[in-house]
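Note sheet for the following structure.
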Amino acid sequence: MSHATKAAEFNKDEAKVNWHDKALWYVREKRDKSAHNVQGWEYLRQLGSNIKANVLSNLDEYLVQFEANAKNNGVHVHWASNAEEHNNIINDILSKHNAKKVVKSKSMLTEECHLNPFLESKGIEVVDTDLGERIVQLAQEPPSHIVLPAIHKTKEDVDELFQEHLGTKPSQGNPEYLVGEARKHLRDKFLNADVAITGVNFAVADTGGVVVCTNEGNADMGVHLAKAHIACMGIEKIIPQEKHLGVFLRLLARSATGQPITTYSSHFNKPEDGKEMHIVIVDNGRTEQLSREDFRASLHCIRCGACMNTCPIYRRSGGHSYDYTIPGPIGSILSPGKDLKKHSSLPFASTLCGSCSNVCPVKINIHEQLYKWRQVIVKEQKQPVVKKSILKTAGVVLSKPGLYRAAGKTARFMLKNAPRFMIYNKLNAWGKARDLPEVKGQNFDDWYKKRQKNG
Amino acid sequence: MIGIKNDKKMGREAILKSVKQNKPELLQLPDINEASFEEDINLLETFKNNLKVVGGFVKEIDKKSIDTEIKVLHSNKTNIVSTTKKSALGTITIDKNTEPHTLENIDLAILEAELGVSENGAVWVTASNSIVRVLPFITNDLVIILKKENICLHMLKAYDQIAERHRDFGVFVSGPSKTADIEQCLVVGAHGAMSLAVLLI
Ligand code: SF4
């Protein structure tokens, strides 16, 4: 199903869409305020970007260095070329510990590898312990946002889910009551877990340590109680030196939620006495993305979610409409590299307004990559697929009157700057429905070239 | 287990080979010009403000009145662990071999932190400060004692200061645990400590 079709589904509940849109915009505004408080913010972003560029250009060396240092600290290091290997490695570690109960903190990588259903099929209980992730897990849905996994759920939805699964009392969605009940429920899971699985925010080559950031403390509750800790990371999580955490931790939470730092930034270097620590390093398509010159910078991503919060299409279409583990603008440049055909509508789920690139803490040229994927898709895919996708998303999502108030600027911008064939395409739902005004000014290609030059 | 080892090796070599083939030409690692981040601000006041913003309680107190202050903040706690000589309020003693699960019902933990960061109100807590790593997370309430002179400007300076440590486990803690996962309503007290008070001496 294309993004546009799924977005139309999400748009059936207009009140919810309006709330979703506003809530995320509010997070974006918090990000702005927080960023403006930092002396040298733009320089900090540039550093983040340059450090990541260096990482990619020397990644094999850093990985080897990281592995050696981690091993020196008594950490077991595993390598997985793909999702299947990743899942098998984890299953083997769990078997060794005879583990039946696993608690997991947020990890988009384990989502990407579909670890939960795999382990469940082996009779292992896997509990997601981040509250948002637990909510979507109970609802049997994937997260719809990488930082705010349950942003598409209302408090009433959560109330009902908790009544059904945790036996709570009806509370009309009282957040404090619901969080309190979740705390009790998950505390029990932490206390009874055999093994804890976490993601990795940063893996430091020169120390062999990994850093995990949470607000809830769920990663630490899991790791410090369980017999063994398994940390799963994509190869691109490497940073060269520990002092570079000083750059990335300053950028991450501010970009994500506007907090100056997450509540907990936990540095795991050695297992506690009598316990085990494992790190699984995963490729799963990343080295292929590394080979694509135009798209490799997508591997800079530190998963802050800022590009989602700012994107007018994401805000009005919801994360599930992307049908990919990582939704939003960054997901739309990562997913075609995984499966061009399946995700060919995603690079079109954008107005190319550039807001994503402007907020990205590691300065990924997201909107330029979206445009480049469109060119690849136009060349490689059969025309009907392309025609159906082009601007249909924008058509569906931006056709609601409410949006003109919320994101009018973007819509007008698109009118002015999108290539003519996109707007006046016969199959474009949006162009058909509206009488398009004449737009004066630079055309898209001029604008695009100029923008590229100005970096 | 032999099978696993083989897979491991294959994955490793395949990944490294593929990286080598696909990586771009070497790009320089940038130097960090810390002068760009210099600010003439009051470290102590900024730290206090930021800690309040993230939901923490903070107070400058006299070294001699630590226990009096804690008793005012937490009047009726029974299961208290203090891992610092600076407080004598502990009712339960722990050591390195204490089973972490037995700390399930700790009401209050009192720890000393080595470093504070003014830009975000975070304090640096190590495994040796906690004795048992889970302590600052599993306790219901957390009190941290910090020397005022150990507050630095920002995270880059913080990493300079902890560069020489023994690396096992350490955590920057900024405020009490919290979540906004239900309709973006901020609720303090998720899985970690329900409250954090930093006492500055
Ligand atoms: S692409 Fe940039 S803005 Fe988007 S999630 Fe990644 S780091 Fe954040």
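Kindly establish whether A:His229 is part of a strand (DSSP E or B), at the interface with chain B (Cβ under 9 Å from one of its Cβ atoms), crowded, with 21+ Cβ neighbours inside 10 Å and of a type outside the set (Lys, Arg). Judged against the criteria, A:His229 is not a match.
Within the range B:1-32, the set of residues being more than 8 Å from chain A (Cβ to nearest Cβ), at pLDDT 95 or above and part of a helix (DSSP H, G or I) comprises B:Glu13, B:Lys17. Restricting attention to the range A:278-312, the residues that are within 9 Å of the ligand (Cβ to nearest atom), within 14 Å of chain B (Cβ to nearest Cβ) and small (Gly, Ala, Ser) total 2. The condition (being away from chain A (no Cβ under 11 Å), in contact (Cβ under 8 Å) with a residue 60 or more places away in the chain and among the hydroxyl-bearing types (Ser, Thr, Tyr)) is satisfied by just one residue among B:Thr93, B:Thr84: B:Thr84.
Every listed requirement among (1) modelled with pLDDT of 95 or more; (2) within 14 Å of the ligand (Cβ to nearest atom) is met by A:Tyr324 save one, (1). In the range B:59-70, the residues that are farther than 7 Å from B:Leu199 by Cβ form Cβ pairs under 9 Å with partners that are open to solvent by 80 Å² or more (accessible area, probe 1.4 Å), at six or more places apart or across chains, as follows: B:Asp67/B:Ala88.
Starting from residues that are free of Cβ contacts under 8 Å to residues at least 60 places away in the same chain and of a type in the set (Val, Ile, Thr), keep the ones in the range B:144-172 and report whichever is surrounded by the fewest Cβ atoms within 10 Å (Cβ to Cβ). Selected residue: B:Ile162. The conditions of being more than 8 Å from chain B (Cβ to nearest Cβ) and over 22 Å from the mean Cα position of the chain (by Cα) are not met by A:Val55. A:Ala349 meets each of the listed conditions (1) within 9 Å of the ligand (Cβ to nearest atom); (2) open to solvent by less than 10 Å² (accessible area, probe 1.4 Å); (3) among the small types (Gly, Ala, Ser) apart from (1). For the range A:163-185, a residue qualifies if it is at the interface with chain B (Cβ under 10 Å from one of its Cβ atoms) and in contact with a helix residue (DSSP H, G or I) (Cβ under 8 Å, 6 or more places away or on another chain), and the qualifying residues are A:Gly173, A:Asn174, A:Pro175, A:Leu178, A:Val179, A:Ala182.
Residue pairs whose Cβ atoms lie under 7 Å apart, sitting 6 or more positions apart in sequence or on different chains, and linking a residue in the range A:250-278 that is under 23 Å from B:Val188 (Cα atoms) and of a type in the set (Val, Ile, Thr) to a partner that is within 16 Å of the ligand (Cβ to nearest atom) and open to solvent by 20 Å² or more (accessible area, probe 1.4 Å), are A:Thr257/A:Lys30; A:Thr257/A:Val147; A:Thr262/A:Cys213. Among the residues making up the range A:9-40, those that are under 22 Å from the mean Cα position of the chain (by Cα), more than 8 Å from chain B (Cβ to nearest Cβ) and either among the hydroxyl-bearing types (Ser, Thr, Tyr) or within 30 Å of A:Gly209 (Cα to Cα) (or both) are A:Arg31, A:Ser34, A:Ala35.
The values are calculated or read from the model by the stated rules, or taken from the named source; none is laboratory data. The structure displayed is predicted, hence computed values, not measured ones. Cβ: placed from backbone, ideal geometry, glycine included. Neighbour counts: every protein chain shown. Accessible surface areas use protein heavy atoms only, side chains included; no ligands, DNA or RNA. Shrake-Rupley method; radii C 1.70, N 1.55, O 1.52, S 1.80 Å.
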